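Remarks on the structure that follows.
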Amino acid sequence: MSSGKSKGPNKGGARRHENDRIYAHPLPLIFSDPSSSRTRSILGLLGLSRSQVINPHCEGYYDPSTRSVWVVNQRDSEILWKRGFFGKGNLSRSEPSWFVRQVKDRKKMTSEEIREKRRADRKQFKLDRAAAIAKVAAEAETIFETEGRVVVPALFGPEIPSGATWKPKTAESERESSGSLENAEKEELLEDMEHLQLTLSEAFFLAWNFDCLTILDPETACFDEPLSLPEIWTTFQQIYLAPPIPTLPTPELQLDNSFLIHYAVYHHYRSLGWVVKNGLKFCVDYLLYKRGPVFTHAEFAIVVCPVYEDPQDQEVSITNLQNASPFTWSWLSTINRANSQVMKTLILTYVTIPARSRLSREMLNTPACFAHYSVREVIVRRFIPARMRD
């Protein structure tokens, strides 16, 4: 009884410890202190430290068509995913695992191959059973000729294979098939076609706050020259504006730019220690994880709701922000019910957009404009009288 009950916790504990080891660092930057514990304690009393910051310096490529940054280097992809769960695989639902899945699928047999193997096994079983019956009949005939006794050949017994005892002799065929598979894999190497895809909010968060991501623009003349932080800031805002017309001047930056609104929310929750991921699957903007998708499910679902400080700015705005206008109760009830069914708490995150009358557009040239934006939260819970009487 004790052995049966201990398997579950031990198995889950081993997996949890392995995840703790793989995802030990919450951010791409690592703080390393080579000194001993005694030296660290003495330096701590003096307010000193010998800790070193290890920066991975990852590299990504800006893609305007998908409004994302592609990290194609496998080493950079693993670092950004395992240290903070940044991005997602473009061919996977979350972690970049397309290559691993393809290797496993190549080792598995298709349904047609399984069917042919079963037919061959049934044919071999009939041949082996007929050979065993013929052998027993030959032995009975030999006994009759030599001893004169009549022995009825048995159709069942330990020497006659049955469907329960017979096993296919596929050792040689498995060796041949494994050899052919190895030769095929040598001839045709599988190429990893997947890359890590970062949202613009994730990319700017890594480039601005940690300086651990270098972004290149393939469309620029100097492809080897990485984009500077002011260029990244301006480019990420312009991608959400109307496409430029050659005969007209470039559109001006807007205070209600979608990138500014969503990055303010992303930065707000990331700075509080949450792992922020896309919530499109649950009809919301973001999902909040305590540690990451591999540890627990998301606890909160975020809906970004822009609010204009001056209502007249919304009337003359050239952007059409989602959820800026009052939404219907049926929509809110639908979103709340969909998330409550999967044990997620719905949060309406209101981002106040500063008024144009008190803030000039020159402030949008630097991230210092975020000091004029504010974030407020309202938790929405579905009231079920039959379940909430206590």
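Would a scan of region 253-261 turn up a residue that is open to solvent by 50 Å² or more (accessible area, probe 1.4 Å) and either of a type in the set (A, V, I, L, M, F, W, C) or farther than 25 Å from residue 61 by Cβ (or both)?
no
Filter region 301-342 down to the residues that are closer than 19 Å to residue 275 by Cα, in contact with a Cys (Cβ under 9 Å, 6 or more places away or on another chain) and among the β-branched types (Val, Ile, Thr) and list them by number.
Taking region 301-342 as the starting set, the residues that turn out to be closer than 19 Å to residue 275 by Cα are 301-304, 339, 342.
When the remaining residues are screened for being in contact with a Cys (Cβ under 9 Å, 6 or more places away or on another chain), the result is 301, 303, 339.
Listed by number, the list holds a single entry, 303.
Let me confirm something: among 271, 325, 330, 340, which residue is of a type in the set (Gly, Ala, Ser), open to solvent by 30 Å² or more (accessible area, probe 1.4 Å) and within 22 Å of the chain's Cα centre (by Cα)?
271
Within the group 26, 34, which residue is at pLDDT 75 or above, open to solvent by 80 Å² or more (accessible area, probe 1.4 Å) and either part of a loop (DSSP other than H, G, I, E, B) or over 27 Å from residue 270 (Cβ atoms) (or both)?
26
How many residues are among the aliphatic types (A, V, I, L, M), farther than 27 Å from residue 229 by Cβ and touching a Cys at 6+ places or on another chain (Cβ under 9 Å) if we restrict to region 343-390?
The total comes to 2.
For residues that are outside any helix (DSSP H, G or I), modelled with pLDDT of 90 or more, open to solvent by 30 Å² or more (accessible area, probe 1.4 Å) and out of contact with any helix residue (DSSP H, G or I) (no Cβ under 8 Å at 6 or more places or on another chain), tally how many sit in region 208-249.
Final tally of qualifying residues: 3.
Residue by residue through region 68-88, note down the ones that are surrounded by 15 or more Cβ atoms within 10 Å (Cβ to Cβ) and among the basic types (Lys, Arg).
82, 83, 88
Does residue 93 satisfy being open to solvent by 80 Å² or more (accessible area, probe 1.4 Å), under 30 Å from residue 273 (Cα atoms) and at pLDDT below 95? Walk me through it before giving the result.
Numbers: open to solvent by 80 Å² or more (accessible area, probe 1.4 Å): yes; under 30 Å from residue 273 (Cα atoms): yes; at pLDDT below 95: yes.
Answer is yes for this residue.
For region 286-342, enumerate the residues that are closer than 30 Å to residue 23 by Cα and in a strand (DSSP E or B).
Within region 286-342, 286, 287, 288, 289, 300, 301, 302, 303, 304 meet the criteria.
For residues that are among the hydroxyl-bearing types (Ser, Thr, Tyr) and farther than 30 Å from residue 85 by Cβ, scanning just region 97-124, find the one that is most open to solvent (accessible area, probe 1.4 Å).
111
Select, from 265, 303, the only residue that is touching a helix residue (DSSP H, G or I) at 6+ places or on another chain (Cβ under 8 Å), buried (at least 19 other Cβ atoms within 10 Å of the Cβ) and of a type in the set (Val, Ile, Thr).
303
The values are calculated or read from the model by the stated rules, or taken from the named source; none is laboratory data. Predicted, not measured: the structure shown is a model, and the values here were computed from it. Quick reminder, even Gly has a Cβ in these numbers, built from the backbone with ideal geometry, and neighbours come from all protein chains shown. Calculation scope for accessible area: heavy atoms of the full protein, side chains included, ligands and nucleic acids excluded. Shrake-Rupley method; radii C 1.70, N 1.55, O 1.52, S 1.80 Å.
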